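Worksheet: the structure to be examined is printed underneath.
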2 protein chains.
Amino acid sequence: MGINQFRRNPVTGQWSVIIQNEYDINDLFSNEQTRKSKKTGDSEHCQFCGGFETETPSEIFSIRPNNTRKDDSGWSVRVIPDKKPFLQIYGDLNNRGIGMYDVLDGIGAHELVIETTEHNLQLYHFPLKQIEHVLAAYRERILDLKKDARFRYVLLHKNYGEGHKEVLFHSHTHIIATPITPTRVKTELMNSMEHYQYKERCLFCDIINQELSVNERVIQENEKFLALAPFASRSPFEVWIFPKAHETFFESNREHTQLATILKDILQKITTTLNHPNFVMVLHSGPNIANGRLRGYWKTLEKDYHWHIEITPRLRGFTSFDVGSGFHVNIVSPESATRILREGKTISAKQEN
Amino acid sequence: MGINQFRRNPVTGQWSVIIQNEYDINDLFSNEQTRKSKKTGDSEHCQFCGGFETETPSEIFSIRPNNTRKDDSGWSVRVIPDKKPFLQIYGDLNNRGIGMYDVLDGIGAHELVIETTEHNLQLYHFPLKQIEHVLAAYRERILDLKKDARFRYVLLHKNYGEGHKEVLFHSHTHIIATPITPTRVKTELMNSMEHYQYKERCLFCDIINQELSVNERVIQENEKFLALAPFASRSPFEVWIFPKAHETFFESNREHTQLATILKDILQKITTTLNHPNFVMVLHSGPNIANGRLRGYWKTLEKDYHWHIEITPRLRGFTSFDVGSGFHVNIVSPESATRILREGKTISAKQEN
């Protein structure tokens, strides 16, 4: 069994993680039933539920009362390593060329934030205090993983929705630390840096100012945060959440009440309006400048980049046009999506994935 | 009803086509049954079948015996405008800024190549001569659409597979001409140009040479064409087909026997091995240098870019990691995929989408 590899496609510039375990091929073809019973579990057998702590790997971090011990029950939020990580934590990157191709070993971290002891609650059901605990756990893990200079980026992402085949149902977030800045984030960083070089202003702050003055795509706001439908939304009902004041790193904050409030509201609106769709949530914070190369490269980072959360409902799969062009065709304008989400009435009887 | 818009996300640099027809929202939530009966049709009611020519828009191009007339039956391949195009052919681009955002009107062409009169045949079932007719129709339409200097690119793409919800079953290809070079193609063009500036060699020719000498990812070849599993495949069993000799434009060729042969073989192998998966096929030819700006920009185009076909099975949906990072996690290495496709035995009893 070899180590997984990061491989770069010289034509597209995209990196893929190529898994080396031959036996995994069968996972592709396991039928839905098998996969469901294997991965979803029910509340009696779910290893993420309170009381089943011994069935998971030992915890890396938790929020729990002082009188409870590591890996005991009684916790509020718990972070564990993924049982089958596709990146491994130990080893050198072994950055090398294979002929004309670029390859790195699949080094990285893959952790899971278990957001509740309760099997049937989604994040938007939680009391605000519990959402704040989840956000506090995000912060702690980002700060800790960024101490490792091998990692250029720490990405948090999660799937919502019962319908999604590939996820455990019990509410959780993936944390992935990677030795390469993810392509998607790198593009954001470059566009932000270019905008700053040209205008000496933060691109995101400019967007926030314009959106607040136009007020066609602002779905919700509170004193510190703004939720809007991006002008060029990739998919119907895409929502981005920003801090109104300029801030590069999510992990700069200790206080999460206002973020928890807007996040809960927006997730509830999406869930109600679109009748429990599947959706993806991603946190884009600044890169890891503990990595010296990055500090040199993103010279104006603290001034040009602005952390945010991206929420993308999966209302339809990708089409051959999307794949071939990289364009997205979006049949619901962000202005319509904003009106519908502001109103908050259910508009559908069924969603598909 | 407004005109659809190309809108650019200044953060990601990605363009979306935002559809302006309010009523389309319901399409998102039509249940699968409705959509299927509306779009799939069966052989008795399919408007793409031979004998139902009057039910479609009038043809733009066809390959048919000399003694038959336009829109009569008896054709071999027929190209028609899409009934509900998301880009419209008439009008100016109206390239403008809306505040800080970039917007163009949704001008373009959206045509369908109906590849056969027979409802139940897929491209890989066709006799070679019929596949050659399809490729000849591709060529004619690319040449014709490239006369329009508003269009920077002509993209051909198609979905295979019965399972895909959003496609008509009757075998057809989409042709889309766009006033913006698709993001995905632009990245290829830039990487190819950079490689050429540095090495004075075509990036694709370098890949072909390396792959032929290593021979770990070459699935099939004939005198003129090569099918390989890309070194950094995005998804299991991805296949790219290249002409072995350097060639920038697909439409430079009049003679398609060898391409038809390797295409049929590869599609049959994928279909057999993976038990009729859904998959996407995309043709990437060079951009439209009838557009003067492009000729100035891609100065070494004829030397640095190399047309090719990309085939991507859809064995699983995108994950939140894919969405957030732009990385792809691929659980079947291209070396394994090559061995399996070379052998050509069925490895699965079921596929999912």
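Odds and ends about this structure:
- The amide H of A:R152, built 1.01 Å from its N in the peptide plane, has A:T178, A:I180 as neighbours under 5 Å, considering only residues 5 or more places off or on other chains.
- Label zone at B:D71, where the point sits 7 Å out along the Cα-to-Cβ direction: the range B:80-110 residues whose backbone N lies under 14 Å: B:80-81
- Protection proxy ranking of A:145-153, B:125-133 - average other beta-carbon atoms within 10 Å, highest first: A:145-153, B:125-133
- Shape of chain A, Cα gyration tensor, a/c cut at 1.5: rounded
- In nanometers and ordered shortest first, the copy-to-copy spacing of the A:K129 label point, defined 7 Å from Cα toward Cβ, is 8.0.
- Per-residue shielding of B:221-232, expressed as the average number of other chain Cβ atoms within 10 Å of the residue Cβ, stands at 3.
- Each part gets one Cα centre, and for the range B:89-104 versus the range A:226-282 those centres are 28 Å apart.
- B:Q197 paired with A:L143, simple spin-label distance in nm, labels 7 Å along Cα-to-beta-carbon: 4.3
- Distances from A:E200 to itself in the other copies, using label points 7 Å out along the Cα-Cβ axis, amount to 4.4 nm in increasing order.
- Interatomic Cα distance distribution for the protein assembly as shown, bins of 20 angstrom, percent: 17, 52, 29, 2, 0
- Only helices enter the 222 nm calculation for chain A: every DSSP H run of n ≥ 4 contributes -39,500 (n - 2.57), and dividing by all residues gives -8500 deg cm²/dmol, rounded to 500.
- 12 Å beta-carbon shell around A:L203, net charge (K/R +1, D/E -1): -2
- Taking chain A and dividing mean pair separation by its residue count, relative contact order in percent (alpha carbons under 8 Å, at least six apart): 16
- Nonlocal amide H pairs with A:L226, under 5 Å, H built at 1.01 Å: A:F242, A:K244
- If you take all other residues with their beta carbon under 12 Å from the beta carbon of B:R217, and give Lys and Arg +1 and Asp and Glu -1, the sum is -2.
- DSSP beta bridges in the protein assembly as shown [antiparallel fraction, %, rounded to 5]: 90
- Spin-label model, B:D265/A:L93: points 7 Å from Cα along the beta carbon direction are separated by 4.1 nm.
- Estimated distance in nm for a label pair at A:T54 and B:H45, the labels positioned 7 Å out from Cα along Cα-to-Cβ: 6.0
- Using the Cβ-Cβ distance between B:N215 and B:S252 with R0 set to 30 Å, the FRET efficiency works out to roughly 0.60.
- In the assembly of identical copies, B:S252 has its label point, taken 7 Å from Cα in the direction of the beta carbon, separated from the corresponding points by 5.2 nm (ascending, one decimal).
- Sequence-separation-based contact order of the range B:76-207, relative, with Cα cut under 8 Å and 6+ spacing, percent: 25
- Calculated over the range B:183-343: convex hull of Cα atoms, volume per residue (Å³): 126
Any read-out appearing in this document is the output of simple, stated calculations on the displayed coordinates, not a laboratory observation. Owing to the predicted nature of the structure, the values given are computational and were not obtained by experimental measurement. A quick note on method: Cβ atoms are made from the backbone with ideal geometry, for glycine too, and the neighbour counts reach across all protein chains shown.
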